[in-house]
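Trainee: My questions will all concern the structure given below.
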Amino acid sequence: MMKKLKSKYVEEYVMRSLMILATLLVLVFVASIIWTIFSKGIRSLSWDLVTRLPGKDWNTAPDGGFLNAILGSLMIVLPASVIGAAVSIPVVFYMTMYKRRTSRLSYMARLAYDVLYGIPSIVYGAFAFTIMVMVGMRASVLGGILVTTLLIIPIMIRSGDEIAKTVPDEIVEAAYSLGATKWETLKVVLRQILPGMVTAFLLAVGKAIGDAASVMFTAGFSDQLARSLSDPSATLPLAIFNWITMPDPFPERAYAAALVLTIIVLLLSLTSRIITRRITKNNL
Amino acid sequence: MEDNTAKSVPLIVEHLNLSIEGQPILKDVNLTFPNNKITCIVGPSGCGKSTLLKTLNRLHETTDYLEVEGRVTIDGQDIIQARDTELIELRRRIGLVPQKPCPLPMSIYDNVAYGCRIHGMHRRKKEMSQTVERYLTEVGLWDEVKDRLNAPANRLSIGQQQRLCLARSLAVEPDFILADEATSALDPVSSRTIENLFVKLKEKYSIIMVTHTLPQALRIADYAVFLYLGEVIESGDATEVFNNPKEELTRKYLQGAFS
Ligand SMILES: Nc1ncnc2c1ncn2[C@@H]1O[C@H](COP(=O)(O)OP(=O)(O)OP(=O)(O)O)[C@@H](O)[C@H]1O
Ligand SMILES: [Mg+2]
């Protein structure tokens, strides 16, 4: 009896130590990433870098800033997020309200986005590039928007669906039994899942804005601000990719750009937290 | 809401068969639930009581691989076949209080007001808060929650949630109230409150309740249904069924349950 108790205690002790160890490992990992980016980035980041376009000699010397890349990234990711959400939200709703396994369309949709979710972004980029060549389109903001939308949709649908699945059937039944229509019931369900959906969508946006592979061939590069959808544009992840492989002092700029990108993503997840908290406070 | 015409219309179940994944759950159920009476459905766990109540509200639709045939009519309107537009009104008239209480993700106040809002009842603010207070008082919850009406409903205890769900169903003024073990999580005193409420309510509403507490059934039932493995073994006047059962199975169940 005592022996058994003791071995149980040891077992728990070992497991707990392992969990703490793993957690610490992750924390160290995160801290070192942030430390590297901040310590190297802060040194080279300046007001000029983020507010000025590249100068005339940008490709031979560190001349001017990278406003074109910041704005280019935003110009591509913001519309892509809006279009992505506009497509994903109805799909998530459809699968939530008609989530019966017997619905063949729901089943097919789940299968399709699971496959899409697993496709690496470079493949999206290559696919979009092939199509663009076929229709005679140049690398442009529009191309970037299209491929980023493609990239975002499966992420949004998948995480939205996971969150919608957590809604207990009883809530749906409770609303129905009071005589609520499907649409009214959906609104009740939405109160429950909105915070999670907002978080999931902003995380998808964060993922998209940091992805270099998808925009590499589709958005191209330009040292100017894009004036129309058909102009090519620089993006932050590609700028980092280019500078980091160049001789000093270019890697400095890569760290600065990485810092800007990290700050944008951090801001996004911070916003999602604040929004989530606010919604939860008001509704739940 | 005008509901005085419906008062004299019973709820009729005819040849109801229901199966899930090919497994029969309800077998040829024929019942007429009388008006202004308390009907108690009793039977061992898993015999299909909750499924029957859900079908009366057409909530079985959310279950996969479910097949149902037969008729459930109120006022001559078939609930099983009703079109979506009719269904909304039919569901309002037949309120279901679920076995597992489940507050809507909103405040205590809104939980009670929600049904009224979607049906456009009590549009004036004052009228609505009076309604909320009235039904919360009737189920014996008002004193416990009156200071935190805007708090989220899912923080209430299970017993409180059970009463909240009852108040929510009552607020839309249904003709029939289907209560699935509405007192299962309540202490004896609160249970009595609900029992007394049901006795009072039957002047205006008809009540169909499921209970495992036979003394409770004895106390308040007018009409009784004994369900066993998805079949109605016996139904009729409550005193008859409980004191003088015609069927051997009923007798055995009652003896087992009483001793
Ligand atoms: N969604 C479902 N899928 C498969 N089987 C189900 C489903 N819902 C109910 N059943 C089956 O139907 C039968 C009746 O279930 P029901 O919940 O109606 O029983 P009950 O009489 O209410 O029991 P209890 O007194 O324990 O609440 C059970 O055998 C149950 O396993
Ligand atoms: Mg049950």
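The values are calculated or read from the model by the stated rules, or taken from the named source; none is laboratory data. No experiment lies behind these values; they were computed from the predicted model shown. No Cβ is skipped: glycine too gets one built from the backbone with ideal geometry, and neighbour counts run over all protein chains shown.
Trainee: Tally time: how many residues in segment B:10-44 are in a strand (DSSP E or B), within 9 Å of ligand 1 (Cβ to nearest atom) and either of a type in the set (V, I, T) or more than 22 Å from B:T211 (Cβ to Cβ) (or both)?
Mentor: Residues flagged as in a strand (DSSP E or B), within 9 Å of ligand 1 (Cβ to nearest atom) and either of a type in the set (V, I, T) or more than 22 Å from B:T211 (Cβ to Cβ) (or both) within segment B:10-44 amount to 4.
Trainee: Now for a different question. Somewhere in segment B:90-107, is a residue within 7 Å of another protein chain (Cβ to nearest Cβ), basic (K, R) and within 16 Å of ligand 1 (Cβ to nearest atom)? Walk me through it before giving the result.
Mentor: Going through segment B:90-107, the residues within 7 Å of another protein chain (Cβ to nearest Cβ) turn out to be B:91-92, B:95-96, B:98, B:100, B:102, B:104-106.
Restricting the remaining residues to those that are basic (K, R) gives B:91-92, B:100.
Remaining after also requiring within 16 Å of ligand 1 (Cβ to nearest atom): B:100.
Yes.
Trainee: Continuing with this model, one more query. If A:R110 passes every condition in (1) in a helix (DSSP H, G or I); (2) more than 30 Å from B:Y65 (Cβ to Cβ); (3) more than 19 Å from the chain's Cα centre (by Cα) but one, which one does it miss?
Mentor: (2)
Trainee: Name the residues in segment B:97-139 that are assigned to a helix (DSSP H, G or I), out of contact with any Pro (no Cβ under 7 Å at 6 or more places or on another chain) and polar (S, T, N, Q), would you? First the steps, then the outcome.
Mentor: Keep residues of segment B:97-139 that are assigned to a helix (DSSP H, G or I), which gives B:108-118, B:125-138.
Checking which are out of contact with any Pro (no Cβ under 7 Å at 6 or more places or on another chain) leaves us with B:108-110, B:112-118, B:125-138.
Scanning segment B:97-139 gives B:S129, B:Q130, B:T131, B:T137.
Trainee: Kindly indicate whether any position in segment B:12-28 is among the small types (G, A, S), crowded, with 16+ Cβ neighbours inside 10 Å and in contact with a strand residue (DSSP E or B) (Cβ under 8 Å, 6 or more places away or on another chain). Spell out how you get there, then give the answer.
Mentor: So in segment B:12-28, the residues among the small types (G, A, S) come out as B:19, B:22.
So of that shortlist, the ones also crowded, with 16+ Cβ neighbours inside 10 Å come out as B:19.
With the extra rule that they be in contact with a strand residue (DSSP E or B) (Cβ under 8 Å, 6 or more places away or on another chain), the set shrinks to B:19.
Within segment B:12-28 (the criterion being among the small types (G, A, S), crowded, with 16+ Cβ neighbours inside 10 Å and in contact with a strand residue (DSSP E or B) (Cβ under 8 Å, 6 or more places away or on another chain)), the answer is yes, since at least one residue qualifies.
Trainee: Considering only residues that are of a type in the set (G, A, S), within 15 Å of B:N17 (Cα to Cα) and either within 6 Å of ligand 1 (Cβ to nearest atom) or out of contact with any Leu (no Cβ under 9 Å at 6 or more places or on another chain) (or both), which ones fall in segment B:45-71? Please lay out each step first, then the result.
Mentor: Narrowing segment B:45-71 to residues of a type in the set (G, A, S): B:45-46, B:48, B:50, B:70.
Going one step further and asking which of them are within 15 Å of B:N17 (Cα to Cα), we end up with B:48, B:50, B:70.
Answer for segment B:45-71, where residues must be of a type in the set (G, A, S), within 15 Å of B:N17 (Cα to Cα) and either within 6 Å of ligand 1 (Cβ to nearest atom) or out of contact with any Leu (no Cβ under 9 Å at 6 or more places or on another chain) (or both): B:G48, B:S50.
Trainee: Test A:G196 against the criterion of being within 14 Å of chain B (Cβ to nearest Cβ), within 30 Å of B:T63 (Cβ to Cβ), outside any helix (DSSP H, G or I) and out of contact with any Ser or Thr (no Cβ under 7 Å at 6 or more places or on another chain), and give yes or no. Steps first, please.
Mentor: On the way: within 14 Å of chain B (Cβ to nearest Cβ): yes; within 30 Å of B:T63 (Cβ to Cβ): yes; outside any helix (DSSP H, G or I): no; out of contact with any Ser or Thr (no Cβ under 7 Å at 6 or more places or on another chain): yes.
It is false that A:G196 is within 14 Å of chain B (Cβ to nearest Cβ), within 30 Å of B:T63 (Cβ to Cβ), outside any helix (DSSP H, G or I) and out of contact with any Ser or Thr (no Cβ under 7 Å at 6 or more places or on another chain).
Trainee: Here is a further query. Need pairs with beta-carbon distance below 9 Å; first residue not assigned by TED's automatic domain parsing to the domain that holds A:A80 and within segment A:138-163, second part of a helix (DSSP H, G or I); sequence gap 6+ or separate chains.
Mentor: Sorted first by the residue in segment A:138-163, then by its partner, the list stays empty.
Trainee: Being among the small types (G, A, S) and modelled with pLDDT under 90: is that true of A:G196 here? Write out each step before concluding.
Mentor: Details: among the small types (G, A, S): yes; modelled with pLDDT under 90: yes.
Against the criterion (among the small types (G, A, S) and modelled with pLDDT under 90), A:G196 qualifies.
Trainee: Another question, then. Provide a single number: the residues in segment A:75-114 that are of a type outside the set (A, V, I, L, M, F, W, C) and within 19 Å of A:I209 (Cα to Cα).
Mentor: Going through segment A:75-114 one residue at a time, the tally reaches 4.
Trainee: Search segment B:154-203 for residues being polar (S, T, N, Q) and away from chain A (no Cβ under 14 Å), and hand back the single one that is nearest to ligand 1 (Cβ to nearest atom).
Mentor: Filtering first and then ranking leaves B:S184.
Trainee: Out of the helices (runs of 4 or more DSSP H) lying entirely within segment A:205-284, which hold 3 or more residues that are hydrophobic (A, V, I, L, M, F, W, C) and buried (at least 22 other Cβ atoms within 10 Å of the Cβ)?
Mentor: Where helices (runs of 4 or more DSSP H) fall fully within segment A:205-284 and carry at least 3 residues being hydrophobic (A, V, I, L, M, F, W, C) and buried (at least 22 other Cβ atoms within 10 Å of the Cβ), they are A:236-244, A:250-283.
Trainee: Right, here's the next one. B:T85: more than 18 Å from the chain's Cα centre (by Cα) and within 16 Å of ligand 2 (Cβ to nearest atom), yes or no?
Mentor: Numbers: more than 18 Å from the chain's Cα centre (by Cα): yes; within 16 Å of ligand 2 (Cβ to nearest atom): no.
In short, no.
Conditions (1) surrounded by 19 or more Cβ atoms within 10 Å (Cβ to Cβ); (2) more than 17 Å from B:V172 (Cα to Cα); (3) within 8 Å of chain A (Cβ to nearest Cβ); (4) free of Cβ contacts under 8 Å to residues at least 24 places away in the same chain, marked per residue:
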site	(1), (2), (3), (4)
B:H60	yes, yes, no, no
B:E67	no, yes, no, no
B:G70	no, yes, no, no
B:K125	no, no, no, yes
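Trainee: Look at A:T96 and say whether it is modelled with pLDDT of 85 or more, farther than 18 Å from A:L203 by Cβ and among the polar types (S, T, N, Q).
Mentor: Numbers: modelled with pLDDT of 85 or more: no; farther than 18 Å from A:L203 by Cβ: yes; among the polar types (S, T, N, Q): yes.
Taking the combined requirement at face value, the residue does not satisfy it.
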